[in-house]
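Beneath this line is the structure, given in structure tokens, with notes to follow.
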Amino acid sequence: MDLFEELVALRRSGRKCALATIVKVNGSIPAYPSAKMLVRDDGSIAGTIGGGGVEGQGRATARQGMETEKPKYLDFSLGQGVAYEKG
């Protein structure tokens, strides 16, 4: 599935959606720079930004962005302590 085609189709049908994108990486991550996740207004997703807590927070922030219609930049540290705390 092409995420951009899905995004356009959703918007044309009057639905809201948001696109989460990894824009910068420092070190090792479970995804890759430019990885994308489309979050639909019903909470469903297409694509991935790596899973785990980062993806969960990305999904929640995307849903908030649909309401405010404002972009947001999130910064995560995937150090060992965070991995153990968040699972």
Among 39, 25, 54, the residue with the largest mean-square fluctuation in a Gaussian network model of the chain built from Cα contacts under 10 Å is 25
What the 10 Å binned alpha carbon P(r) of the chain shows, as percent of pairs per bin from 0, is 17, 49, 27, 7, 0
Measuring from its Cα centre, the chain shows a charge dipole (+1 at each Lys and Arg Cβ, -1 at each Asp and Glu Cβ) which, in debye to the nearest 20, is 180
For the pair residue 48 and residue 60, the simple spin-label estimate (label points 7 Å beyond Cα toward Cβ) gives in nm 2.1
Summing +1 per Lys or Arg and -1 per Asp or Glu among the other residues with Cβ less than 9 Å from residue 48's Cβ gives 0
Taking a crude spin-label model, label points 7 Å out from Cα along the C-beta direction, the residue 6 to residue 76 distance in nm is 1.7
Tilt, helix 3-12 to longest principal axis of the chain (alpha-carbon atoms), in degrees rounded to tens, equals 40
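Return one whole number: the accessible area per residue of the chain in Å², for a 1.4 Å probe.
Numbers: 6110 Å² over 87 residues.
Dividing the accessible area of the chain by its residue count gives 70 Å².
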Per the helix-only model, the chain has a calculated mean residue ellipticity at 222 nm (DSSP H runs of ≥4, -39500 (n - 2.57) each, divided over all residues, rounded to the nearest 500) of -12000 deg cm²/dmol
The percentage of the accessible area of the chain (probe 1.4 Å, all protein chains present) made up of carbon and sulfur atoms, to the nearest whole number, is 50
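The values are calculated or read from the model by the stated rules, or taken from the named source; none is laboratory data. Nothing here was measured: the structure is a model prediction, and the numbers come from that model. Cβ sites come from the backbone with ideal geometry, for glycine too, and all protein chains shown count toward neighbours. Each accessible area value is taken on the protein alone, full model and side chains, heavy atoms only, with ligands, DNA and RNA left out. Shrake-Rupley method; radii C 1.70, N 1.55, O 1.52, S 1.80 Å.
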